[in-house]
Amino acid sequence: MTAVGFLTSLVARHGYLGLAVLVGVESFGVPAPGETAIILGAGFAAHGQLAIIGVAVTAFLAAVIGDSIGYLIGRAGGRRIILRYGRYVRLTPERFARLEAMMSRHGPKLVAVARFVEGLRQFNGIIAGATGMPWRRFVVYNALGAAAWVGLWATAGYLAGDHIRAIVADLHRFQWYLLAVGALAALAYAGWRLVRRPARPG
């Protein structure tokens with residue numbers, strides 16, 4: 001069975017529960033196709049097998065709860081683990097300090113936008129908790145980002161109708177290209193910042 005076929009059968013067989021599990025576990029760090037699950041759920045709603053409001057509410061709650069679990073994990077021990085083992089994934093204490101500074105300046109915006117970025121979506125809550133973002137601020141902006149994210153993909157899946165399987169297949173086919181473009185953009189930005197950084201006096 002293909003990945004698309006497995007996801008389709010999971011959401012078709014378990015409905016809202018399957019949708020909630022996929023979106024929820026992705027939101028606290030487990031690689032899972034939550035985005036695709038929302039599109040599939042909305043596609044089933046377009047054919048009368050689920051209710052589109054039920055799909056949207058389920059996905060929204062699963063996203064917020066999953067990210068909140070990630071936040072609690074990060075708050076409980078994430079900073080200590082990152083400082084001790086982060087160097088093994090190139091997250092040195094110096095880089096983590098810069099990440100903390102960035103979160104202190106732009107944390108709410110990053111939390112809201114991270115929902116749309118592969119990789120950040122999975123670790124959004126953990127990073128926010130580990131860097132000490134206040135709980136209430138995190139919940140508010142996390143909910144805003146989740147509402148926009150769920151709204152976008154639920155609408156896309158519902159309007160796709162009979163083309164849902166083709167759209168999901170295309171999404172899987174091109175997601176690595178999109179990740180590569182995002183990585184290149186991040187590298188270009190980092191290079192630009194290095195070039196602009198003033199030279200240290202000798």
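The values are calculated or read from the model by the stated rules, or taken from the named source; none is laboratory data. Predicted model only: the values in this text are computed from it and were never measured. With ideal geometry, Cβ positions are generated from the backbone for all residues, glycine too; neighbour counts draw on all protein chains shown.
Quick check: anything in segment 92-114 modelled with pLDDT under 90 and outside any helix (DSSP H, G or I)?
Yes, there is a match, as at least one residue in segment 92-114 is modelled with pLDDT under 90 and outside any helix (DSSP H, G or I).
Name every residue in segment 3-40 that is in contact with a Gly (Cβ under 8 Å, 6 or more places away or on another chain), aliphatic (A, V, I, L, M), crowded, with 19+ Cβ neighbours inside 10 Å and at pLDDT 85 or above, in order of residue number.
Leu19, Leu22, Val23, Ala37, Ile38, Ile39, Leu40
Of (1) in contact (Cβ under 8 Å) with a residue 60 or more places away in the chain; (2) assigned to a helix (DSSP H, G or I), Leu22 satisfies all except one. Which?
So the condition that Leu22 fails would be (1).
I'd like the full set of residues that are surrounded by 17 or more Cβ atoms within 10 Å (Cβ to Cβ), within 17 Å of Met133 (Cβ to Cβ) and of a type outside the set (Lys, Arg), limited to segment 66-98.
Gly66, Asp67, Ser68, Ile69, Gly70, Tyr71, Ile73, Gly74, Gly78, Ile82, Phe96, listed by residue number.
Looking at segment 133-142, can you tell me whether even one residue there is within 16 Å of the chain's Cα centre (by Cα), surrounded by 15 or more Cβ atoms within 10 Å (Cβ to Cβ) and among the aliphatic types (A, V, I, L, M)?
Yes: segment 133-142 contains one or more residues that are within 16 Å of the chain's Cα centre (by Cα), surrounded by 15 or more Cβ atoms within 10 Å (Cβ to Cβ) and among the aliphatic types (A, V, I, L, M).
Just one of (1) at pLDDT below 85; (2) of a type in the set (Ser, Thr, Tyr); (3) touching a helix residue (DSSP H, G or I) at 6+ places or on another chain (Cβ under 9 Å) trips up Tyr141, so point out which.
(1)
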